[in-house]
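> So that we are looking at the same thing, I have put the structure below in C-alpha cells.
The values are calculated or read from the model by the stated rules, or taken from the named source; none is laboratory data. For clarity, every value in this text was computed on a predicted model and none was experimentally measured. Virtual Cβ from ideal backbone geometry, glycine too; neighbours counted across all protein chains shown. Ligands, DNA and RNA are stripped out before the accessible areas are found, and what is left, the full protein with its side chains, is counted by its heavy atoms. Shrake-Rupley method; radii C 1.70, N 1.55, O 1.52, S 1.80 Å.
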Amino acid sequence: MGLEITNGSVKMTNTEKQTSSFMQAKLSDLAERVSRGMSRPVAKFNRDMLFGICGSGTASVHKIAQNILDGVSTKKTSERLYRNLGRAGLDGQLREALMDIVCPKLKSDSLIIVDESDIEKPYARKMEGCKLVHNGSKAEQTRGYNLLNILACLENDQGYQLLPVSSDLISTDLELDCLKQLMHDRLIDINIKCKGRGLFVFDRGYDDRKTIGFLVENGMRFIIRGVGKRNIREGMTEVNFKQAMKSLDLAWELPGLKPGEKLRCGTRRIGVRTDDHPSAKANGVEASLVVCRRFKKSRQKGKEFYLIWDFADPGLSELEIIQRAVCAYHKRWKIEEVHRQMKQDLQWEKMRLASYLKLKNLNMLMTISLYFVYSCKDMIEKIAEAFPKIICFRTKDWGKLHQFVYYRLCQVIRICLQRVTHYNKSPYRADLTEPWQMKIRLV
C-alpha cells in the first residue's frame, strides 16, 4: 500500500510526516479490526469509507469518493460505495465489532452515557422512513430520524477519554421494536460484553417505570435524573413524591459547580411501581434516591433535582453515595458536546441517501470514524508537537490538552488523511504485472 502525504501544495515537516504516518497506520489497523471475518470486498469498502470520512470530514458519499484516490472516476467510485452501503446486516456487524473494541476497556467506575439525539432533514421528501422527530436544540418538531447514542467516559491520571460505543439511526415507522425496546437490547449487549462493569447514566427523559424496572431486574448499575412527579411506594401503599421528600433530612453538604455555590443533599431508599396501574398487588422494585438543593449565600437557587440510582455496592456510606451520584451525573453533559461535534465537524445531518438500510450502515461507519478521532487523544502530546498551531495556538492551551480537544483533533486528522492513496495509479501496464513475469528468460 503506497501512501502519498501532502498538505495541499505545501510539504510537511519530518515531524508532521511521522505523526501522519502513525495516524494512517492506526486507522488502517482499526479498519482491519472492524472488518475481521468479512469478505475482502467488504473489508476494502470499510477501509475506503473510514479513510474517506476522516479525511473529508463529511457524510456526503460523493465527497468521500472524491477523497479516495483509486485511479477511477468519482462517479464509478461513488457507485461502488452506494452499492456496498446496501449490504443487509452490515450495521449490526460493525456495531458488534466496535463494542468488542471498547467494552474491554471499561472499568467498574467507567461511565456509560445513554442519550437520544436527532438528524434533522426538514426538506427531505424521498428519504425512506423520514418522519417528524423532536429537535432538542430548537425545541420544535421537524422531519428527520432519531439517534440513540451510547458513549463511554473513561477516567485516567491525566483527565478523561470519551469513546463512542454504539449508535442507532431509527425510524419508528420502519422498526419492528419501539425505541425503548431497542435501547434495552443495546444495554444488554453492552452489559454482557463489559461483564457488568460500568455505570449507566441517563437524563430525565428516561425516568419511567419500565426502564427503572428493567435496569434493576437485570442487575445493572445506573443513575437517572428524576423528574419528581410520580408517586413512590412505602410498603404496600403509594405516597405523594413531594410530600415524602419534605421529611427527608438534607444532612450532607457538597461544593457546587459555581463559585460560592453549595449543595445540600440527602438520600433514602424508595419503591418504584413497575406496573402501569396502581394496586396492592402491583409489581415494583427498590432503588435509591438522592435529593439535592442548590444554595448561594444561604438562599436556595432554583428547584431541587433528583437522582435515582442503584450502585449494587452495600459498602458505600451515605456521603460516598451522594458524592459519586452527583459527580457522575455532572459528567453526563459531555455527550451533548459529542452530539454537537457530530453535526458540526463530521456533518452528520448531510447524509443524503434514499434507502433506510444505507442510512443505517452509513451512520455506523460515521460512528466508527468518530471513535477513531476520539481514540487519537491517547497521542495528543505527539500531535500537539507536530501541529502546535492547530492543537495549541495559544500558550494557555498547552494546559488543556487532556480536556475536550476533539474539535482540533478533527482538523489535524483531515490534514493527515486528505491525500492518502491505497491504490497504484501508474498508467503503465508493466507496473501492474508480477515482477517475476517481467524477467527475460534466456534459453
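> When you check Ile68 against the structure, is it more than 20 Å from the chain's Cα centre (by Cα) and among the β-branched types (Val, Ile, Thr), yes or no?
Yes: the conditions hold for Ile68.
> So which helices (runs of 4 or more DSSP H) stay within segment 334-411 end to end and still have 3 or more residues that are closer than 26 Å to Arg125 by Cα, among the polar types (S, T, N, Q) and in contact (Cβ under 8 Å) with a residue 12 or more places away in the chain?
Ranges flagged: 356-375.
> For segment 235-274, name all the residues that are out of contact with any Leu (no Cβ under 8 Å at 6 or more places or on another chain) and open to solvent by less than 50 Å² (accessible area, probe 1.4 Å).
Val239, Phe241, Ala244, Met245, Leu248, Leu250, Glu261, Gly271, Val272, Arg273, Thr274
> When you scan segment 192-290 for strands (runs of 3 or more DSSP E) that lie fully inside it, which ones turn up with 3 or more residues that are free of Cβ contacts under 8 Å to residues at least 60 places away in the same chain and touching a Gly at 6+ places or on another chain (Cβ under 8 Å)?
Fully inside segment 192-290 and qualifying: 232-234.
> A further question on this structure: Would you point out the residue of segment 340-370, among those that are open to solvent by less than 10 Å² (accessible area, probe 1.4 Å) and not hydrophobic (A, V, I, L, M, F, W, C), that is nearest to Asn84 (Cα to Cα)?
Going through the qualifying residues, I end up with Asn361.
> Any chance you could count how many residues in segment 313-340 are at pLDDT 90 or above and of a type in the set (S, T, N, Q)?
Looking only at that region, the number is 1.
> Keeping to segment 61-73, report how many residues are crowded, with 17+ Cβ neighbours inside 10 Å and small (Gly, Ala, Ser).
Residues flagged as crowded, with 17+ Cβ neighbours inside 10 Å and small (Gly, Ala, Ser) within segment 61-73 amount to 1.
> Of the conditions (1) open to solvent by 50 Å² or more (accessible area, probe 1.4 Å); (2) at pLDDT 75 or above, Ala384 satisfies every one except a single condition; which number is it?
(1)
> Would you mind finding the one in Ser56, Ser117, Ser110 that is of a type in the set (Ser, Thr, Tyr) and farther than 30 Å from Asp310 by Cα?
Answer to the selection: Ser56.
> Scan segment 144-173 for residues that are of a type in the set (Asp, Glu) and free of Cβ contacts under 8 Å to residues at least 40 places away in the same chain and report the count.
The total comes to 1.
> Name the single residue that is surrounded by the fewest Cβ atoms within 10 Å (Cβ to Cβ) among those in segment 275-289 being closer than 23 Å to Leu248 by Cβ and among the small types (Gly, Ala, Ser).
Among those that are closer than 23 Å to Leu248 by Cβ and among the small types (Gly, Ala, Ser), it is Ser288.
> Let me ask something else. Would you mind stating whether Gly52 is modelled with pLDDT under 90 and open to solvent by less than 70 Å² (accessible area, probe 1.4 Å)?
no
> If I filter segment 136-190 down to residues being part of a strand (DSSP E or B) and of a type in the set (D, E, K, R), which single residue comes out as surrounded by the most Cβ atoms within 10 Å (Cβ to Cβ)?
Among residues in segment 136-190 that are part of a strand (DSSP E or B) and of a type in the set (D, E, K, R), the one surrounded by the most Cβ atoms within 10 Å (Cβ to Cβ) is Asp168.
> Next question, about the same structure. Taking the condition open to solvent by less than 60 Å² (accessible area, probe 1.4 Å), more than 20 Å from the chain's Cα centre (by Cα) and not basic (Lys, Arg), does Val326 pass?
yes
> Sticking with this structure for a sec: Evaluate segment 261-280: report whether one residue or more is under 28 Å from the mean Cα position of the chain (by Cα) and either closer than 18 Å to Phe202 by Cβ or among the charged types (D, E, K, R) (or both).
No: segment 261-280 contains no residue that is under 28 Å from the mean Cα position of the chain (by Cα) and either closer than 18 Å to Phe202 by Cβ or among the charged types (D, E, K, R) (or both).
> Report yes if some residue within segment 146-159 is more than 15 Å from the chain's Cα centre (by Cα), at pLDDT 85 or above and of a type outside the set (Asp, Glu); otherwise report no.
No, segment 146-159 has no match at all.
> Something else: If I filter segment 173-196 for residues that are of a type in the set (Gly, Ala, Ser) and touching a Lys or Arg at 6+ places or on another chain (Cβ under 6 Å), do I get at least one hit?
No.
> Against the definition (closer than 18 Å to Glu337 by Cβ and not acidic (Asp, Glu)), how does Ala139 come out, yes or no?
no
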